[in-house]
Amino acid sequence: MTDAARSLSDAIPGYKEMGDKDGVALTLADLAEVERRRGDLEAALASYREARAIAKEIDDKRAIAYALSGVGDVLADRGDLTAARKSYEESLALRKQLEKSKALRKRSSPWRGSRLRKGMPPMPKL
C-alpha cells in the first residue's frame, strides 16, 4: 500500500466516527483513484461503489455522477466496455440534469473545492 492509500484509508474511520458522510465519500473516491492508478482495480471498484452508495444516501447527485464516472474508468480498465459505457451514461445523465439546474460547476472533481473549504490537505501526489 502506498503512503497516499494508507493515509486515505486511515482517515475513513475518523470521518465515520464524526458522522461526516461527505468526508467518507470524498475520501473513498480519492482512495479509489489511488487504487486504480496502482492497478488494484478490484479495490478501486469497491471503493468507488461505496462512495457512490454514500453519495446516494446523502443525495449528492454531483458526487454520485463523479463516482459513476470512476466506476466506468475502472470497468473500462478491466475491459468491460459494455458495463463501463452504462456507468458513463448514468453519470452523464446526472450531470446533464444538474447542468440544467445550474448546480454543476465545471471542475474535474466535485470535491476538490470542498477539500479546501474543510481545511483538508489536497489529494497526495502518486
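Just so you know, all these numbers are worked out from the coordinates, no wet-lab data involved. From a predicted model like this one, the values you see are computed outputs, not experimental measurements. All Cβ positions, even for glycine, are placed from backbone atoms using ideal geometry, and neighbour counts span all protein chains on display.
Brief remarks on what is shown
- The stretch 8-102: trypsin sites (Lys or Arg not before Pro) in DSSP loop, at most 15 other beta carbons within 10 Å: Arg78, Lys102
- Label-point separation, Lys16 to Asp3 (7 Å along Cα→Cβ), nm: 2.6
- Residues of the stretch 56-76 with amide N under 19 Å of the 7 Å Cα→Cβ point at Arg38: 70-71, 73-75
- Cα gyration tensor, the stretch 3-106 - rounded (a/c under 1.5), prolate or oblate: oblate
- Residue among Gly39, Gly79, Ala5 farthest towards the positive dipole end of the stretch 3-106, charges placed on Cβ: Gly79
- Put in order of Cβ neighbour count within 10 Å, fewest first, the listed residues Ile54, Ile12 become Ile12, Ile54.
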